[in-house]
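The structure under discussion appears below in the form of C-alpha cells.
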C-alpha cells in the first residue's frame, strides 16, 4: 500500500513538472513571436522621405574642371559708388573707372567652384565743387573746400571666391551664378590742383570686403563661357591715411565700416571664361 502511494505521488510530481516546463516554453515562444512581430512592424513602417527638388539636375560646371577667366569693366563713377567718396562731400564729379581682374578657379564638385582672383583698378577725371573731409586726427587740420582739381586713383586687389552655379536648361548652356567673395585691396589716391602753383595731395587706401556678386553665364562655345556679374554690396571696412606732400608722414586718418546691399554700377563685370579639362557629357 505504501509503495502504491509513493508511486502515485512521484507520478503527480512528474506531471506537474512537465506542465510547468511546457507553460514556460509557451510563454517564451509567445514573447519571441510578439517581439518578432513588433520588429517586422517597425521595419516596414513608412519613413519620411527627403524631398529632392532636383536643383542640381542641370549641370553647368562639372567636377574636375579648371577655369581660367578674365573680367573687365568700364564706367563713370558717381559719388556714392566709390570708396574715395569717404573723403569727399557735396561733390560735382566726372570720373571714369577701368577695372581688369584675371582669375583661376577649380570645380570641386558639380556646379560648385572655388577660385583666386587678382585685380587692378584705375580711376581718373576732374572734380568740381568738393568739400574734403580729412578725418581728422591731426590737430590744426580743417576740412577744405576745393574746386577744379584732378584726381587719379590706382588700386591693386586680390580675392578668394566661391561660386554656385544653377543650370537653366538641360543642355547646360545658360546658367545663374551666385558668387561670394572675400576681397582685400590697397592703393593710393592723388588730388592735383593747377594754376600758377601746382600742388598735390596723396592718400593711402586699404579696404577689406565680403561681397555678394550674382550674375549670368552663357556658353558661346563648348568650353568657352561669357559671364556678367554685378556687385550688390556686403560687409566693408575702409582705412584712408592722408599723407604730408613733403615729408610723407601721416597727417590724417579715417576708418569706416558698413553693411549694405545695393547694386553698384561700377562693379558690373563682363568676363570670358575658358573651361579646361572639361568633363561635360556628350
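The values are calculated or read from the model by the stated rules, or taken from the named source; none is laboratory data. This is a predicted model, so every value here is computed, not measured. Using ideal geometry, Cβ is built from the backbone for each residue, glycine included, and neighbour counts are taken over all protein chains shown.
Yes or no: the stretch 51-64 includes at least one residue that is under 20 Å from residue 228 (Cβ atoms), modelled with pLDDT under 85 and not in a strand (DSSP E or B). So far as the stretch 51-64 goes, no, none of its residues is under 20 Å from residue 228 (Cβ atoms), modelled with pLDDT under 85 and not in a strand (DSSP E or B).
Scanning the stretch 187-236 for residues that are part of a loop (DSSP other than H, G, I, E, B) and either modelled with pLDDT of 90 or more or on the phi < 0 side of the Ramachandran plot (or both) yields 194, 196, 197, 198, 222, 223, 231, 232. Take the conditions (1) modelled with pLDDT of 75 or more; (2) surrounded by fewer than 16 Cβ atoms within 10 Å (Cβ to Cβ); residue 143 misses just one of them, which is (1).
Residue 281 passes every criterion in (1) surrounded by fewer than 18 Cβ atoms within 10 Å (Cβ to Cβ); (2) at pLDDT below 80; (3) under 23 Å from the mean Cα position of the chain (by Cα) apart from (3).
The set of residues from the stretch 237-259 being surrounded by fewer than 13 Cβ atoms within 10 Å (Cβ to Cβ) and either modelled with pLDDT of 80 or more or under 14 Å from residue 207 (Cβ atoms) (or both) comprises 255, 257, 258, 259.
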